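Student: Next up is a structure, given as structure tokens.
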Amino acid sequence: MSADSPVTPFPSDRTAAPLRALVLDTATDVVHLGLIDEARSWTAVVAGGSQSSASLLPAAQALLSDAGLTWADLTVVGFGRGPGAFTGLRTACSVTQGLALAADCPVIPIDTLLAVAEDARLQAPSRWLPGQLIWVVQDARMDEIYAAAYRWTGLGWETVESPALWPLDLPRVRCAGAWMAGNALRAYPDAFDVQPDAHWPDATPSGAALVALARQAWARGAVVDAALALPLYVRDKVAQTTAERQASKRTQGA
């Protein structure tokens, strides 16, 4: 769900309950988690990638134990819906659906790139005046990036450009001189024209960012049924053929 997308109301009075939320993102090479118990919150980072399915639930259980809560206490589950690694997104969606169905609670889909934008804002909140726009660029592998643009309103985020898959030659055309965040800034430094004091290559879909976005979404009533815990895919093709890989190597070596 983008920051200003319409939502399908969850058909239950649980949305009026206290905010007790588990939020998670497995779209990158680490798992980011956050837990909210009304005014309090906790975060964690654990191994991702191929270890996501094994590390996610124990880490979530540890957060609940720290907070003195149980799975049944959750009133909503939030998840990073991508774009990102295919296996990671499937893990996030399946775990979210299972937890939400067990707790009889709704879910909050969160764009992973929006969480990266929020993490950048949290690193320097005093700099963010209403109307500020930022481009988020994440490494999509195969010499491509995931890109999206968001505008901070002072109270929340507006989506200016929805997440899309870009070739490496497009950022210099679309984003030159803009505020930017995301790991593609490190993966492909030559592809970007950035302001030295307005880029955040280390911004991630952190637990703190997920917590902040979940609070904003809950306040708007932006929750959906667990059946709608679905991934955001912007790439239909997830692998190159042998011939395509060889052609890419020849091009890079030219």
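Student: If you rank Tyr188, Tyr233, Tyr150 by how much accessible surface each has, with a 1.4 Å probe, what is the order from largest down?
Tutor: Tyr233, Tyr188, Tyr150
Student: What relative contact order, as a whole-number percentage, does segment 24-123 give when Cα pairs under 8 Å and 6 or more residues apart are counted? Intermediate results must be reported in sequence, preceding the final value.
Tutor: Working: 155 pairs, mean separation 28.1, N = 100.
Computed value for segment 24-123: 28 percent relative contact order.
Student: Follow-up question, since we're still on this one. Could you please put Asp225, Asp111 in sequence from largest to smallest accessible area, using a 1.4 Å probe?
Tutor: The most accessible residue leads, giving Asp225, Asp111.
Student: Along the charge dipole of the chain, which of Gly48, Ala227, Gln123 sits closest to the positive end, that is, farthest toward it, with unit charges on the beta carbon of Lys, Arg, Asp and Glu (+1, +1, -1, -1)?
Tutor: Sorting the options by dipole projection puts first Gly48.
Student: Report Ser162's accessible area, 1.4 Å probe, all protein chains in place, as a number in Å² to the nearest 10.
Tutor: Its accessible surface works out to 70 Å², give or take rounding.
Student: Just to confirm a number: summing +1 for Lys and Arg and -1 for Asp and Glu over residues other than Pro130 whose beta-carbon lies under 14 angstrom from that of Pro130, what do you get? Mind showing how you got there, number by number?
Tutor: Values: positive: Arg121, Arg127, Arg151; negative: Glu158.
Its environment carries a net charge of +2.
Student: In Å², what does the accessible area per residue of segment 60-174 work out to with a 1.4 Å probe?
Tutor: Solvent-accessible surface per residue comes out at 39 Å².
Student: How tilted is helix 112-123 with respect to the longest principal axis of the chain? Cα atoms for both, answer in degrees (0 to 90, nearest 10).
Tutor: The angle comes out at about 90 degrees.
Student: For Asp193 and Ser162, what is the calculated FRET efficiency with R₀ set at 22 Å and r taken between the beta-carbons, to the nearest 0.05?
Tutor: Values: r = 23 Å, r/R0 = 1.02.
For R0 = 22 Å, the calculated efficiency reads 0.45.
Student: For segment 36-145, what is the percent of antiparallel DSSP beta bridges, rounded to the nearest 5?
Tutor: Numbers: 3 of 8 bridges.
Of the beta bridges lying entirely in segment 36-145, close to 40 percent run antiparallel.
Student: For Ala149, what charge total do you get from the other residues with a beta carbon under 12 Å from its beta carbon, if Lys and Arg give +1 and Asp and Glu give -1? Before the final figure, lay out each step's value.
Tutor: Working: positive: Arg151, Arg174; negative: Asp111, Glu158, Glu161.
Charge balance near Ala149 sits at -1.
Student: Separate question: Could you size up the charge dipole of segment 41-194 around its Cα centre, putting +1 on the beta carbon of Lys and Arg and -1 on that of Asp and Glu, and report it in debye to the nearest 20?
Tutor: For segment 41-194, the charge dipole is close to 100 debye.
Student: Full-extension gain between Phe86 and Val45, please, as 0.36 nm times their residue separation minus the C-alpha to C-alpha distance.
Tutor: Here the segment from Phe86 to Val45 would lengthen by 12.8 nm.
Student: Which one is right for this structure if mean projected area of the Cα convex hull in nm² is calculated from it: [x] 13.8; [y] 15.7; [z] 12.7?
Tutor: [x]
Student: As I understand it, the value is the acute angle between the Cα axis of helix 86-103 and the longest principal axis of the Cα atoms of the chain; what does it come to in degrees, rounded to 10?
Tutor: Relative to the chain, helix 86-103 is tipped by roughly 10 degrees.
Student: In what sequence, largest accessible area first, do His32, His199 appear using a 1.4 Å probe?
Tutor: Sorted by accessible area, descending: His199, His32.
Student: I'd like the accessible area for Trp218: 1.4 Å probe, protein heavy atoms, all chains in place, Å² to the nearest 10.
Tutor: 40
Student: While we're looking at this one, here's another question. Below 14 angstrom from the Cβ of Thr28, what's the summed charge of the other residues (Lys, Arg +1; Asp, Glu -1)?
Tutor: With Lys, Arg at +1 and Asp, Glu at -1, the neighbours total -3.
Student: What size of dipole, in debye to the nearest 20, comes out for segment 117-173 about its Cα centre when the only charges are +1 on Lys and Arg C-beta atoms and -1 on Asp and Glu C-beta atoms? Can you show the working numbers first?
Tutor: Values: 5 positive and 8 negative charges, 53 e Å.
The dipole magnitude comes to about 260 debye.
Student: Right, something else. How high is the relative contact order of segment 90-238, in percent, counting Cα pairs under 8 Å that sit 6 or more residues apart?
Tutor: It comes to 31 percent, rounded to a whole number.
Student: Let me ask something additional. For Asp169 and Thr153, calculate 0.36 nm times their separation in residues minus their Cα-Cα distance, and state this gained length in nm to one decimal.
Tutor: That works out to 2.8 nm of additional length.
Student: With a Förster radius of 22 Å, plug the Cβ-Cβ distance of Arg186 and Gln123 into 1/(1 + (r/R0)^6) and report the FRET value to the nearest 0.05.
Tutor: Rounded to the nearest 0.05, the efficiency is 0.90.
Student: Can you compute the FRET efficiency between Arg235 and Asp202 using 1/(1 + (r/R0)^6), with r the Cβ-Cβ distance and R0 = 30 Å? Round to the nearest 0.05.
Tutor: In this case the efficiency is close to 0.80.
Student: Can you give me the Cα centroid spacing of segment 24-65 and segment 115-135 in angstrom?
Tutor: 23
Student: Now for a separate question. Using Cα pairs closer than 8 Å and at least 6 residues apart in sequence, work out the relative contact order for the chain, in percent. Numbers along the way, then the final one.
Tutor: Values: 536 pairs, mean separation 59.1, N = 254.
Contact order relative to length: 23 percent.
The values are calculated or read from the model by the stated rules, or taken from the named source; none is laboratory data. Values in this document were obtained by computation on a predicted structure and should not be read as measured data. We place every Cβ from the backbone using ideal geometry, glycine too, and count neighbours over all the protein chains shown. SASA here: full protein model, heavy atoms, side chains in, ligands and nucleic acids out. Shrake-Rupley method; radii C 1.70, N 1.55, O 1.52, S 1.80 Å.
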